[in-house]
1. Looking only at residues in the stretch 74-93 that are assigned to a helix (DSSP H, G or I) and open to solvent by 100 Å² or more (accessible area, probe 1.4 Å), which one is farthest from T22 (Cα to Cα)?
2. Being at pLDDT below 90 and not acidic (D, E), is that true of even one residue in the stretch 42-50?
Amino acid sequence: MGKLDEFVNKAKETVDVACKKTGKLVNTGKNKLKIAAVKNAADKDFADLGRIFYRELKDSTENSDEVKRIIEDIKAKESEIEMLEIEVAESKN
C-alpha cells in the first residue's frame, strides 16, 4: 500500500498545482475582459466630454459641474485600468 499511497499523494499534488494555475489563467482572462469594458466606458466618457465642450463652445454656456464629474469619472476609470493591468502583469510572473 505504500507505493499506492505515494502515487495518490503525488497525483493530488499535481491536481492542486494544475488547479492553481488554471485559477490564475481564469483571473487573468477576467481581468483582461474587465480592462476592455472599462476602456470602452472611458471612451464613452471621452465622447460625452467632447459633446459638452462642443455645446459650451457652440452655445457659450457654462457646464463646469458636468465637466468636472466626467473628468473625475475618466480619472477613476484610468486608475482602475492601471490596477487591473498591474494585476494581469503580476499573474503572468
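The values are calculated or read from the model by the stated rules, or taken from the named source; none is laboratory data. Note that the coordinates shown come from a computational prediction; the quantities given were computed from them, not determined experimentally. With ligands, DNA and RNA removed, areas are computed over all heavy atoms of the protein, side chains included. Shrake-Rupley method; radii C 1.70, N 1.55, O 1.52, S 1.80 Å.
1. Step one: list which residues in the stretch 74-93 are assigned to a helix (DSSP H, G or I), which gives 74-92.
Filter once more, keeping what is open to solvent by 100 Å² or more (accessible area, probe 1.4 Å): 75, 82-83, 90, 92.
Details: K75: 32, E82: 23, M83: 21, E90: 15, K92: 12 Å.
Among those that are assigned to a helix (DSSP H, G or I) and open to solvent by 100 Å² or more (accessible area, probe 1.4 Å), it is K75.
2. Residues of the stretch 42-50 at pLDDT below 90: 49-50.
Then keep just the ones that are not acidic (D, E); that gives 49-50.
Yes, the conditions are met somewhere in the stretch 42-50.
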